[in-house]
1. Quick check on region 595-617: of everything there that is at pLDDT 95 or above and under 27 Å from the mean Cα position of the chain (by Cα), which residue is farthest from Val526 (Cα to Cα)?
2. Can you name the condition, by its number, that Gly577 falls short on among (1) surrounded by fewer than 19 Cβ atoms within 10 Å (Cβ to Cβ); (2) within 25 Å of the chain's Cα centre (by Cα); (3) at pLDDT 95 or above?
3. Counting just the residues of region 347-365 that are more than 12 Å from the ligand (Cβ to nearest atom) and over 25 Å from the mean Cα position of the chain (by Cα), which one comes out nearest to Leu35 (Cα to Cα)?
4. Can you tell me which of (1) over 14 Å from Trp174 (Cβ atoms); (2) within 16 Å of the ligand (Cβ to nearest atom) is the one Phe230 doesn't meet?
5. Test Pro284 against the stated conditions and say whether it is modelled with pLDDT under 95 and not assigned by TED's automatic domain parsing to the domain that holds Arg622.
6. Return yes or no: is Glu154 more than 16 Å from the ligand (Cβ to nearest atom) and out of contact with any Pro (no Cβ under 7 Å at 6 or more places or on another chain)?
7. Considering only residues that are more than 29 Å from Glu269 (Cα to Cα) and in contact with a Ser or Thr (Cβ under 8 Å, 6 or more places away or on another chain), look in region 301-324 and name the one that is nearest to the ligand (Cβ to nearest atom).
8. Could you tell me whether Leu296 is away from the ligand (no atom under 16 Å from the Cβ) and out of contact with any Leu (no Cβ under 9 Å at 6 or more places or on another chain)?
Amino acid sequence: MELSAVGGPGQRLLYGGDYNPEQWPPEVWEEDVRLMREAGVNMVTVGVFAWAHLEPAEGTFDFGWLRQVLDLLAGAGIDADLATPTAAPPPWLTTRYPDVLPVDDHGNRYSHGSRQHFCVCNPTYRRLAGRIVQQLAAELGDHPAVRMWHAHNEYACHVPYCYCDHHATAFRNWLERRYGTINTLNDAWGGAFWSQHYSDFAEVLPPRMTPAHANPGQLLDYKRFTSEAFLEEFLEEKKVLKAVRPDIPLTTNFMGFRKPLDYFAWAREMDVVSTDNYPDPADPDSPALSAMHYDLIRSLNKNVPWMVMEQTTSRVNWRERNVPKSPGQMRGLSYQALARGASGVLFFQWRASRAGAEKFHSALLPHSGVASPVWAEVAGLGRELARPAPWAASEVLARAAVVFSWPNWWAVESTVSPAHDLTLVEQARWMYLPLYRRCVTLDFASPAEDLTRYDALLVPSLYLVTQDEAANIRAYVEQGGTAVISFWSGIVDEHDQVYLGPYGGPLRPLIGCDILDVAPLPPGDVAQVQWEDGTTTTASFWLDIAAERQDRNATILARVTSGPWAGTPVVTRSQYGQGHVYYVGTRLDADGLQRVYDLVPALRGIADFAAGRPEGVERVVRRSPGHDYEFVINHTDSDSKVLLAEPGYDELGERAADGTLALGRRGVAIIRH
Ligand code: GAL
């Protein structure tokens, strides 16, 4: 796919946002386009929620207004990312066909009056969605402004799960395809438990409200099925859009760590992976969490570019208290995305609405107009991004990856866990954050993909692991890789059925002790951990009850020394083939985890780099054949000084940078070495 139309590594950087001209009278459009040019905007997403304006009555279409907008954009040299409006069915549709509305697990039907109020398995929705996509593509697909396709908006955002009869039918068909016979399904779901043995697929339901825990196998399959059901609708849209304009890239906007859709599977279908990211400006951890979000997105499909489809210039409107970004924060977080490989940064939305549920959400053009300080920042960043950016063609360097999988996410947080507050994203953060603080850039990787490109893997709670995935990880270690594996890994197979014997299942050969049981710790409990050299750190949340194994080439690096399980090994190092495994059977504090990371060369690679990194300053290195580029971003509201390993030239500040780099509050530098 030729991506030069939209940017892509080494091309111009995309800058712009969602543009909703249907919310404004036509006389505003000209001003919009004039101000977009002033702000350096080069791409806007149009049409996202415009179904009611594009098809005001069933079968009656009006594309004239959008054509007029596209003409204005084309005249100003601004590209359109043309979106299908299928995330917001109009009121006539759900009034005439009420069963298009989704149903919750209690049997309550949603109403129209908001958005995302559709059942993706409803044949009427699919027919009418297909038709509006077809019409849109036929009418406007070849317009010269249109340079990217944007299917739908945030699939599965507000109503990820529908439990209606259409879903029941589609789920049964899906199960029949997956299992063939009802007894295979019974075996997979453990039908002998609580008399859940089915005699026919017709008896199977979506996991609607039940008196006690639903069957975990059923819950897991419903999640798999739902991700695929949405994907099927996306693929229908893709087929139509690509038939009309195969030459332009297609995307749909993801939402970072969003549980309902298996984004590794989805990303295979994208020409550009795009994401919406709304870090909380009030959360001091938000730069780190935002970095983690971008590292995930960059990693979902390693063969295509990625971009930020939405972020905000200042406030959102959906938190309890919506703190604005402080001056410079929007620029800093935009450069964070670019540092981590984004091809551009777009925002929700161009012009702040006067009416509707998001009228107090910030925008590129705020209610106060060009007098707003936000506008000055928006236009400043636009000017900066229009300058040549040789660094944009360089590669993000990541020698290590976090192993992450959606089926594992679905299963590990199932209702029947020993610790219902064990969440996979929290586990990933626990392993990711110390490395973010040491400026170690990480990729994410699916357990099924080729892992050999990495020198080290972090494996947070890979509870569900298939035999094939485990074999892939074992082969990776055997050939010389290093894996840091956390507790609650290798527990169940793809049906969420426990691997018997000491825990670890097909990962057990990698684990340097026998995990005989697990002990979630009471909230607030802190356990003492003693290391080989006698020093201590702490741990919390969870303890594996583990026994030493003599038959494995393992060293016990640390034991818990307090509480009822004092003496239990909690960190082991073992050799497997040419590689090594560090097994961590508790939630070590940051100090303790760092001790493990210090033993892994790929995880301490730029430690001296970290020494020259004051609190709150992010550093990311990218490499091109000619140069390394070091991004230095001050995420704080105070001035900062950063020690550089070698002198270089600051591409952004257009200044020489020797040993010490002074960065103002929220300052950014891109040092070419
Ligand atoms: C996104 C959505 C946008 C807008 C934005 C507000 O999730 O795609 O349409 O609602 O949130 O933050």
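The values are calculated or read from the model by the stated rules, or taken from the named source; none is laboratory data. Quick caveat: nothing in here was measured; it's all calculated off a predicted structure. Don't worry about glycine lacking a Cβ; one is built from the backbone with ideal geometry, like all the others, and counts go over all protein chains shown.
1. By that ranking, first place goes to Val600.
2. Condition not satisfied by Gly577: (2).
3. Leu365
4. (1)
5. So Pro284 fits the description; yes.
6. Values: more than 16 Å from the ligand (Cβ to nearest atom): no; out of contact with any Pro (no Cβ under 7 Å at 6 or more places or on another chain): yes.
So Glu154 fails the test.
7. Within region 301-324, the subset more than 29 Å from Glu269 (Cα to Cα) is 313-324.
Then drop every residue that is not in contact with a Ser or Thr (Cβ under 8 Å, 6 or more places away or on another chain), which leaves 313-316, 324.
Values: Thr313: 11, Ser314: 11, Arg315: 9, Val316: 5, Pro324: 13 Å.
That would be Val316.
8. Here the answer is yes, as Leu296 does meet what is asked.
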